[in-house]
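The values are calculated or read from the model by the stated rules, or taken from the named source; none is laboratory data. Everything quoted here is computed from the prediction, not taken from an experiment. Neighbour counts are summed over all protein chains in view; Cβ atoms, including those assigned to glycine, are modelled from backbone coordinates with ideal geometry. Each accessible area value is taken on the protein alone, full model and side chains, heavy atoms only, with ligands, DNA and RNA left out. Shrake-Rupley method; radii C 1.70, N 1.55, O 1.52, S 1.80 Å.
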Amino acid sequence: MNFKLKVWRQKDGASPGSFKDYDAKDVPSEASFLEMLDIVNESLAASGEDPIAFDSDCREGICGTCSLVINGIPHGPGKGTTCQLYMRRFADSDTIWIEPFRAAAFPPIKDLVVDRSAFDRIIEAGGYIVVRTGSAPEANSLPVAKHDADLAMEAAACIGCGACVAACPNSAAMLFVSAKVSHLGLLPQGQAERESRVIHMVRKMDELGFGSCRNHYECEAICPAEVSATFMARLNQDYALASAKKVLAV
Amino acid sequence: MSMILDPKIPSGPLEKKWSKHRGESKLVAPNNRPKFDLIVVGSGLAGASAAATLGELGYNVKCFCFQDSPRRAHSIAAQGGINAAKNYQNDGDSVFRLFYDTIKGGDFRSREANVYRLAEISLNIIDQCVAQGVPFAREYGGLLANRSFGGVQVSRTFYARGQTGQQLLLGAYQALQHEIAEGTVKMYPRTEMLDLVLVNGHAKGIVVRNLVTGEINTHAADAVILATGGYGNVFYLSTNAKGCNVTATWRAHKRGALFANPCFTQIHPTCIPVSGPYQAKLTLMSESLRNDGRVWVPKKKGDPRSPDQIPKEERDYYLERKYPAFGNLVPRDIASRNAKEVCDQGRGVGPSGLGVYLDFSDAIQRHGESTIRERYGNLFEMYQNITNENAYKTPMRIYPAVHYTMGGLWVDYNLMTNVPGLHVLGEANFSDHGANRLGASALMQGLSDGYFVIPSTIANYLATQMGKKASTEQPEFKAAENEARCRINRLLSIKGKKTVTTFHRELGLLVWDKCGMARDAQGLQEALQKIPAMRAEFWENVNVLGDGAEFNQALEHAGRVADFLEFAELMCLDALERNESCGGHFRLEFQTKEGEALRDDEHYCHVAAWEYAGPHTRPNLIKESLGFEYVKLSQRSYK
Ligand SMILES: Cc1cc2nc3c(=O)[nH]c(=O)nc-3n(C[C@H](O)[C@H](O)[C@H](O)COP(=O)(O)OP(=O)(O)OC[C@H]3O[C@@H](n4cnc5c(N)ncnc54)[C@H](O)[C@@H]3O)c2cc1C
Ligand code: FES
């Protein structure tokens, strides 16, 4: 298969970027999208042009390293991450636009690579259950209803890729934050820190320049881990309750 | 001059060794801990759990990883599960049985004392992870669920859907982020360790490159801990993440740390077959699939019929036929070797002939499609996405692929290498899996090393280092930094004709062919001839574009491939020197009449630890002999 690519090139965060045209030639239909870019990069190297920088690691859809906005959609058409997108989804000689995830809180690094460490700052603010190593009680001493455990797992499935932010017209990080707040808040182990967790994580999210949620639900639609927007309602509830308690100091 | 290796195994009965050792270990008092600076390289299960726990104890920790966030370490990709001897299923499991299975699974090439400790600690790991909020699968009554995994006859594997590694890593990552917030750990993501710095023979620091700016600098500490994962990517194609590399451990090796059993590599039986030369990596289909899938090939060579057209009697369910007791659940090395054997006989399936069927039709008939979907839905989806085939309707095609490396830097019972102060955890060390790792035991080892072993054993070293602080102003640091800079400049100045990937692919094909699932002296000797030539060509003809002072992925890859090109030679040499077959190391010359691995306990019941002796010089082999007091050495049988 052959494709016309329009790829965002940007030397570094301080320089302006622009789209450049490339031809992707003789790409097998079984190749993944990132393998297609590998093929293009090999041919660029041969002609002495700097390869296109993009992030990836596991290439199995689980580490959340790959990104890219493909034809206007974070992670491209279909469910799943960019590394799990296969070229057979495109038609021969298609033109494909490739851009980085764009958000004020994700500053550009080079070409298609951006800095998503704001997500680490949000987790640092409270996305954990504090357990001194070695002091945990016997695991089966606290049964967890299967329904709660399964729901917690659905929230915990978030891969932290940032597509939700890239898809949101306001660059909100609500789906990401709600996933962690729900994962830990649904489990009995997570109750002690439940209120402080939600307050600190939401405050940090605001501070880092993520926009506010206007219920567009673009995030849910593109989430490769299929994290449900219902967790955002749960986040709002938890946050309202925790804030009210704080004001009333109960 | 031959070094004597002391594994520092505590005396006393097996079940008492670890508690006795902890009782006798030195301590660093809480008020002294903040005076000690520790470097942890790696933020996978081993590194993140170590950094978080050491920070929590009050040490001053710096943690490094090459990904943009510690949460993305390769551990995240583990699918199947983590073992623990909880015996929640009341099926006869115990610490001793987990210990025994692991020793036997490793084909009697690991240390009894280490493995027993691992089995003991497995209990604490599950407690720790559950308390952190790891959402393990549960039964309707709310208690933890288990499943079985290859090579054993009990159900002791804990899992979180097909995402166990992800959930365990997120637990460790969250603990790490908490310590970062507390200020006990400082995190350096997108930072690659390029070298180890020794001062008076002790590991006192590292050289790193900031992958965003390209800046090279050094960090000093009282001890260095490497948790940098495995070297499977020496084969180019593997199930490992693209960034996995041998650089940190190889650099430490060149500074004096012994590399143990480099030829012990694991080829996983259930991966999606290779489809073409453009391919960048291989995808694992979790071993748990073998609980319900039946492995077969046509009895006839080159049978052109589609699988549904081949009647049952014309199918060879070769694992069930040859290993009636374990059937499809034999350990990985055996399942892989048998797949290769039937394909070599011309009975392989799929376009390349390098594949066997993993068939779920009987399981679907027995349990219904919905049950199978519940158990493996995400795996079937992944399979369909990659191959465009529906495994509910037609059998999966699988073939073995490189997956895990049992070899690694040699460590003693304290997880310290022969270089004082240098400690190694997780897949990067050689310690617990012998010649073959059982499923669901790497996650267990990484967390055991990181949460429980190193936080207690490191004090034995630190207690001797009060008042001996190193500084990056010392000449040793300047010299190592300068060497790293020169090497990068050299890579950039070659401006040859071949890309880094081309070299990596060529090396991978060579070692897969000569040092993969089956090895023999002739092939290994051939590889040992070819690798130095390949390396020489690399340093004359590689083309690395761009600049050192910027974000440059080709340069990162070039540095890693340069190290693989050196390491590969040691791996082949080790395979050549070990004149026996054991676990994943199968030498064609050494097999039983039935084609099983034939060990030579008289001559090879040892750890082969290699000492670097300089470029173009044969490394020195130092042996740590393995004693078995509690398990009887026997021919492994899964019949
Ligand atoms: C697809 C797949 C599935 C698996 N499934 C299972 C399973 O179900 N059960 C099981 O028990 N095991 C499984 N394994 C094996 C297991 O996942 C790994 O052995 C284990 O996670 C390794 O953990 P680690 O902490 O030692 O290293 P890793 O998780 O590989 O982490 C290495 C860390 O070191 C850093 N690093 C490496 N080099 C450098 C450098 N030079 N400079 C700076 N940082 C560096 C990386 O950034 C990373 O943070 C699986 C493996 C694969 C590939
Ligand atoms: S590279 Fe890991 S999710 Fe895509």
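A few comments on the model shown:
- Net charge of neighbours whose Cβ lies under 12 Å from the Cβ of B:GLY106, counting Lys and Arg as +1 and Asp and Glu as -1: +2
- Highest-first arrangement of B:8-14, A:63-69, B:268-274, where packing means the average Cβ count within 10 Å: A:63-69, B:268-274, B:8-14
- Chain A: equivalent-ellipsoid semi-axes (sqrt of 5 x gyration tensor eigenvalues, Cα, Å): 39, 19, 16
- Peptide A:42-54 - average C-beta neighbours from other chains (10 Å radius): 4
- A viscosity of 0.692 mPa s and a temperature of 37 °C, combined with the Kirkwood radius over Cα pairs in Stokes-Einstein, give a translational diffusion coefficient for the range A:54-136 of 220 µm²/s.
- Only aspartates and glutamates eight or more places from A:LYS79 in sequence, or on another chain, were considered; those with a Cα closer than 15 Å are A:GLU60, A:GLU218, A:GLU220, A:GLU226, B:GLU381.
- Across every direction, the projection of the convex hull enclosing the Cα atoms of the range B:1-152 has a mean area of 13.2 nm².
- Figure note: B:PHE503, B:PHE66, B:PHE326 ranked by solvent-accessible area, largest first, 1.4 Å probe, ligands and nucleic acids not counted: B:PHE66, B:PHE326, B:PHE503.
- For chain B, the fraction of alpha-carbon pairs in successive 20 Å shells from zero, as %: 20, 56, 23, 1
- For B:172-179, mean number of other protein chain Cβ atoms within 10 Å: 6
- In plain terms, if you count all Cα to Cα distances in the range B:292-440 and split them into 5 Å steps from zero, the share in each step is 2, 8, 15, 16, 17, 13, 9, 7, 6, 4, 2, 1, 0 percent.
- Karplus-based coupling profile of the range B:610-621, in residue order and whole Hz: 9, 9, 5, 10, x, x, 6, 10, 5, x, 8, 9, with θ = phi - 60° in 6.51 cos²θ - 1.76 cosθ + 1.60 and x standing for Gly or Pro.
- Proximal lysines relative to B:LYS478, as straight alpha-carbon distance under 26 Å, when same-chain residues fewer than 8 apart are discounted: B:LYS35, B:LYS62, B:LYS186, B:LYS204, B:LYS254, B:LYS468, B:LYS469
- Ranked by how many other beta carbons lie within 10 Å on average, peptides A:139-148, B:448-457 from highest: B:448-457, A:139-148
- Angle in degrees between helix A:230-248 and the longest Cα principal axis of chain A, rounded to the nearest 10: 40
- Sequence-distant lysines (8 or more away, or on other chains) whose Cα lies within less than 23 Å of B:LYS312: B:LYS299, B:LYS300, B:LYS301, B:LYS322, B:LYS340, B:LYS393, B:LYS639
- Cβ-defined net charge surrounding B:GLY230, 11 Å radius [Lys, Arg +1; Asp, Glu -1]: 0
- Take each residue in A:112-125, count the other chain C-beta atoms within 10 Å of its C-beta, and the mean is 4.
- The loop-placed trypsin sites (Lys or Arg not before Pro) in the range B:545-596, going by DSSP, that have at most 10 neighbouring Cβ atoms within 10 Å of their Cβ come out as B:LYS593.
- Rg over Rh [alpha-carbon atoms, Kirkwood Rh] for the range A:109-194: 1.06
- For the pair B:LEU27 and A:THR95, label points projected 7 Å from Cα toward Cβ lie 7.2 nm apart.
- The listed residues A:VAL131, B:VAL40, once ranked by accessible area (1.4 Å probe) with the largest placed first, stand as A:VAL131, B:VAL40.
- Overall size of the range B:482-560 from C-alpha positions, given as principal axis extents largest first: 44, 24, 18 Å.
- Rh by Kirkwood over Cα pairs, then Stokes-Einstein D for the range A:3-110 at 0.890 mPa s and 25 °C, µm²/s: 172
- Percent of alpha-carbon pairs separated by more than 44 Å within the protein assembly as shown: 24
- Local net charge near B:LYS639, Cβ-Cβ under 11 Å (Lys/Arg +1, Asp/Glu -1): +1
- Helix content alone sets the calculated 222 nm mean residue ellipticity of the protein assembly as shown: runs of n ≥ 4 DSSP H residues at -39500 (n - 2.57) each, divided across all residues, give -11000 deg cm²/dmol.
- Solvent-accessible area per residue, Å², over chain B with all protein chains present [probe radius 1.4 Å]: 33
- Rounded Å value of the spacing that divides the Cα centres of the range B:235-292 and the range B:375-416: 10
- Remark on the range A:117-249: Rg and Dmax equal 14.9, 46 Å (Cα only).
- 5 Å binning of all Cα-Cα separations within the range B:315-401, expressed as whole percents from 0 upward: 3, 13, 21, 22, 22, 15, 3, 0
- Sites B:ILE4 and B:GLU139, calculated FRET efficiency, Cβ-Cβ separation with R0 45 Å, nearest 0.05: 0.30
- Relative contact order of the range A:3-110, defined on C-alpha pairs under 8 angstrom at six or more residues apart (%): 33
- Those residues of the range B:186-231 for which accessible area with every protein chain present is at least 30 Å² below the isolated value (1.4 Å probe): B:ARG190
- Taking the empirical scaling 2.2 N^0.38 Å for compact globular proteins as reference, the range A:46-95 has a Cα radius of gyration ratio of 1.28.
- Centre-to-centre separation between the Cα atoms of the range B:99-164 and those of the range B:1-33: 25 Å.
- Given chain A, longest segment not containing exposed loop GluC sites (Glu not before Pro) (DSSP; at most 14 other Cβ within 10 Å): A:50-137
- Over 23 Å (Cα to Cα) - which of A:LYS4/B:LYS242; A:LYS25/B:LYS498; B:LYS104/B:LYS623; A:LYS204/A:LYS246 fall in this group: A:LYS4/B:LYS242
- Where GluC sites (Glu not before Pro) fall in DSSP loop in the range B:114-221, at most 16 other Cβ within 10 Å: B:GLU139, B:GLU215
- What the Cα atoms of the range B:105-154 give is an Rg and a Dmax of 14.1, 41 Å.
- Cα-only Debye scattering, the range B:377-475: base-10 log of I(q)/I(0) at q = 0.16, 0.19, 0.23 Å⁻¹: -0.81, -0.96, -1.14
- Top positive-direction residue, dipole computed over the range A:3-110 with Cβ charges, set A:GLY13, A:ALA105, A:ASN41: A:ALA105
- Filtered GluC sites (Glu not before Pro), the range B:562-612: DSSP coil and at most 13 other beta carbons within 10 Å: B:GLU589, B:GLU594
- Share of carbon and sulfur in the accessible heavy-atom surface of the range B:271-401 [1.4 Å probe, %]: 49
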